Structure formats: C-alpha cells, structure tokens
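In what follows, a single structure is set out as structure tokens and then discussed.
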Amino acid sequence: MKIKKNDTVLITAGKDRNRKGKVLDAFPTKAKVLVEGINIRKKHVRPKKSGEKGQVVEAANPISVSNVKLICPKCNKAARTEYKIEGKKKSRICKKCKAEI
C-alpha cells in the first residue's frame, strides 16, 4: 500500500468525490485508510445512565485505498507513485514530476 499516515489524498469515488483530506490512519491489512472529514457516518448512541439523553454522533469511517489518489506535495496534483530503491533506502516517487514524496 503506497499511502501512509499524514499524506494528503484526493477522493476519486463515492459521495465525497473530488474532495481532499489528510490521512489520519492507514489499515494495510484491510486496504483501507481513514481520511479526515471524509465518509462521515451518523451513529445513534443510547443513553448510558437513567436521566441521560441519547445522542447522534458523527464519526469518520475508513475508505478503500482504491478510491483515493495521493497528492504530490511538489506539483500539487493527484498522481500515481512508484518506488525507487537506492542502497537500503526505499522512497516513493511521483510519476508526473519525478519528485520524491
């Protein structure tokens, strides 16, 4: 999975298409990422104690990696990435501007 925590991504599919956000968490085993302010769902929470009111809580749900594209910090465009290995260092490279991400 080429998308990591703190990357800026563009959403390419779903109700939040063409929106940008920061990756809060990555789940490589599930191939999903949690993006700030994207894929918000409402959850109804029951009251815990008597006299307390129930409430509706909004929470972000993970989105599939196939529906996001990494935004290159240098050219500021959504681009695919490739890996470049130099010695023992492995780095991500933008396919458009060839800059290291």
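Only one entry in LYS30, LYS49, LYS43, LYS15 is part of a loop (DSSP other than H, G, I, E, B) and over 15 Å from the mean Cα position of the chain (by Cα), namely LYS49.
Scanning the range 52-63 for residues that are within 29 Å of VAL9 (Cβ to Cβ) and not β-branched (Val, Ile, Thr), which turns out nearest to the chain's Cα centre (by Cα)?
Taking the candidates together, the pick is PRO62.
Inspect all residues belonging to the range 54-62 and state whether any of them is out of contact with any strand residue (DSSP E or B) (no Cβ under 8 Å at 6 or more places or on another chain) and surrounded by fewer than 12 Cβ atoms within 10 Å (Cβ to Cβ). Checking the range 54-62: not a single residue is out of contact with any strand residue (DSSP E or B) (no Cβ under 8 Å at 6 or more places or on another chain) and surrounded by fewer than 12 Cβ atoms within 10 Å (Cβ to Cβ).
Could you tell me whether the range 79-88 includes any residue that is loosely packed, with under 10 Cβ neighbours inside 10 Å and assigned to a loop (DSSP other than H, G, I, E, B)? Lay out the reasoning, then the answer.
Looking only at the range 79-88, we keep the residues that are loosely packed, with under 10 Cβ neighbours inside 10 Å, and these are 83, 85-88.
Next cut, assigned to a loop (DSSP other than H, G, I, E, B) only: 87-88.
Within the range 79-88 (the criterion being loosely packed, with under 10 Cβ neighbours inside 10 Å and assigned to a loop (DSSP other than H, G, I, E, B)), the answer is yes, since at least one residue qualifies.
Being surrounded by 13 or more Cβ atoms within 10 Å (Cβ to Cβ) and charged (D, E, K, R) is the filter here; which residues of the range 3-24 pass it? Scanning the range 3-24 gives LYS4, ASP7, ASP16, ARG19, LYS20, LYS22. Scanning the range 39-49 turns up no residue that is at pLDDT below 95 and under 14 Å from ILE3 (Cβ atoms).
The values are calculated or read from the model by the stated rules, or taken from the named source; none is laboratory data. Note that the structure is a prediction, hence the values are computed from the model and not measured. So basically every Cβ, Gly included, is an ideal-geometry build from the backbone, and we count neighbours across all protein chains shown.
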